[in-house]
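Below is one structure; the comments refer to it alone.
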Ligand SMILES: NC(=O)c1ccc[n+]([C@@H]2O[C@H](COP(=O)([O-])OP(=O)(O)OC[C@H]3O[C@@H](n4cnc5c(N)ncnc54)[C@H](OP(=O)(O)O)[C@@H]3O)[C@@H](O)[C@H]2O)c1
């Protein structure tokens with residue numbers, strides 16, 4: 001099976017490339033001209049917002065499936081850079097769909113709990129979306145593009161992704177570790193709750209979906225629902241850092257630029273009970289993350 005992985009330099013994309021199962025031929029793409037840490041033999045740079053470039057890439061590669069992790073993921077910046085966010089999250093999706101139709105490829109696409117408003121989470125796969133911010137609106141629009149297409153598709157929604165990666169904007173856990181190591185006090189919100197997701201777990205789960213030709217909408221995250229503040233305390237404990245530097249704050253007082261779904265979370269029963277996919281809870285994920293950081297040089 002030939003698989004095209006988009007966003008291969010990202011927090012998830014890097015690990016998807018790393019855990020590609022034997023027997024799969026991988027082609028990896030991202031927007032940067034330089035292959036960075038991806039092996040040059042499998043890397044094909046492409047700006048997914050460029051329709052002709054996407055068509056050429058997919059005509060040439062002719063993948064059986066595309067795993068689309070590329071996205072504009074900076075939730076706060078999305079409020080100000082709306083045109084770019086829409087281009088990357090929605091127009092790129094349209095470009096992928098059009099090109100995939102020509103070669104009859106399926107698409108496995110990543111989405112988010114931010115499509116929900118956080119008034120009554122955790123959410124099931126068929127609950128009604130109502131995004132609060134522009135990032136969530138763009139991710140929902142991308143879902144609609146895919147759902148309206150004739151392709152075989154999967155939408156895998158996840159949330160609070162963390163884990164090892166190289167040369168990336170740090171995830172929440174990486175950011176917190178560096179702050180606490182420097183002895184910097186931090187304020188962490190107590191009223192944003194939901195699941196957490198280790199990137200390696202998610203990558204392996206996605207490969208399971210591809211191998212078993214799963215199609216449809218699925219929530220993939222750790223089962224446990226936890227506040228960001230409690231998660232931060234687990235980070236401090238597991239990485240032997242000073243928890244007294246972690247100060248509680250409410251979302252109202254924290255004043256992030258984009259609105260956040262507060263009482264969020266994804267119900268993951270479908271993944272666990274119909275597919276046998278159980279991802280790590282917060283503590284288990286952090287322990288695996290720590291082991292990877294200690295053992296992996298890249
Ligand atoms: N991170 C989370 O907490 C989280 C939570 C829920 C859902 N998700 C979803 O999960 C997926 C993967 O997230 P992630 O955290 O791995 O994202 P990420 O680390 O931001 O990686 C996304 C990759 O896409 C690339 N990209 C941006 N614009 C592009 C373009 N025009 N053409 C081609 N590639 C482009 C980015 O390059 P640059 O770095 O140069 O921009 C980056 O390498 C996304 O769909 C995201 O919405 C993430």
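The values are calculated or read from the model by the stated rules, or taken from the named source; none is laboratory data. Source: prediction; values computed, not measured. With ideal geometry, Cβ positions are generated from the backbone for all residues, glycine too; neighbour counts draw on all protein chains shown.
Taking the criterion of being more than 16 Å from residue 211 (Cα to Cα) and either at pLDDT below 95 or near the ligand (Cβ under 6 Å from one of its atoms) (or both), the only residue of segment 14-30 that qualifies is 30.
Residue 70 passes every criterion in (1) closer than 29 Å to residue 290 by Cβ; (2) in contact with a helix residue (DSSP H, G or I) (Cβ under 8 Å, 6 or more places away or on another chain); (3) more than 7 Å from the ligand (Cβ to nearest atom) apart from (3). Looking across segment 31-61, the residues that are within 12 Å of the ligand (Cβ to nearest atom) and touching a helix residue (DSSP H, G or I) at 6+ places or on another chain (Cβ under 7 Å) come down to 38, 44, 46, 47, 48, 49, 51, 54. Among the residues of segment 238-271, how many are on the phi < 0 side of the Ramachandran plot, modelled with pLDDT of 95 or more and in contact with a strand residue (DSSP E or B) (Cβ under 9 Å, 6 or more places away or on another chain)? Qualifying residue count, segment 238-271: 20. Within segment 123-132, being in contact (Cβ under 8 Å) with a residue 40 or more places away in the chain and either surrounded by fewer than 20 Cβ atoms within 10 Å (Cβ to Cβ) or more than 13 Å from residue 261 (Cβ to Cβ) (or both) holds for 124, 125, 126, 132. The helices (runs of 4 or more DSSP H) located wholly in segment 147-249 that include 3 or more residues which are more than 13 Å from the ligand (Cβ to nearest atom) and under 21 Å from residue 30 (Cα atoms) occupy 199-211. Residues that are in a strand (DSSP E or B) and loosely packed, with under 14 Cβ neighbours inside 10 Å within segment 3-57 comprise just one, 25.
Scanning segment 54-108 for residues that are within 18 Å of residue 145 (Cα to Cα) and without any contact (Cβ under 8 Å) to a residue 24 or more places away in the chain turns up 83, 84, 104.
Scanning segment 176-203 for residues that are under 16 Å from residue 19 (Cα atoms) and surrounded by fewer than 19 Cβ atoms within 10 Å (Cβ to Cβ) yields a total of 0. If you check 92, 100 for being more than 9 Å from the ligand (Cβ to nearest atom) and out of contact with any helix residue (DSSP H, G or I) (no Cβ under 6 Å at 6 or more places or on another chain), only one passes: 100. Can you say whether residue 137 is out of contact with any strand residue (DSSP E or B) (no Cβ under 6 Å at 6 or more places or on another chain), under 30 Å from residue 269 (Cα atoms), away from the ligand (no atom under 11 Å from the Cβ) and not in a loop (DSSP other than H, G, I, E, B), as far as the supplied structure shows? Yes: the conditions hold for residue 137. Considering each residue of segment 73-89, count those that are more than 10 Å from the ligand (Cβ to nearest atom) and part of a loop (DSSP other than H, G, I, E, B), and give that number. Total meeting the criteria: 2.
For residue 234, the conditions (1) under 19 Å from the mean Cα position of the chain (by Cα); (2) farther than 27 Å from residue 77 by Cβ all hold with the exception of (1).
Considering only residues in segment 112-122 that are within 13 Å of the ligand (Cβ to nearest atom) and either touching a residue at least 60 places away in the same chain (Cβ under 8 Å) or surrounded by fewer than 23 Cβ atoms within 10 Å (Cβ to Cβ) (or both), the one that is nearest to residue 195 (Cα to Cα) turns out to be 113.
On the given criteria, is residue 257 outside any helix (DSSP H, G or I) and surrounded by fewer than 15 Cβ atoms within 10 Å (Cβ to Cβ)? Spelling it out, residue 257 is indeed outside any helix (DSSP H, G or I) and surrounded by fewer than 15 Cβ atoms within 10 Å (Cβ to Cβ).
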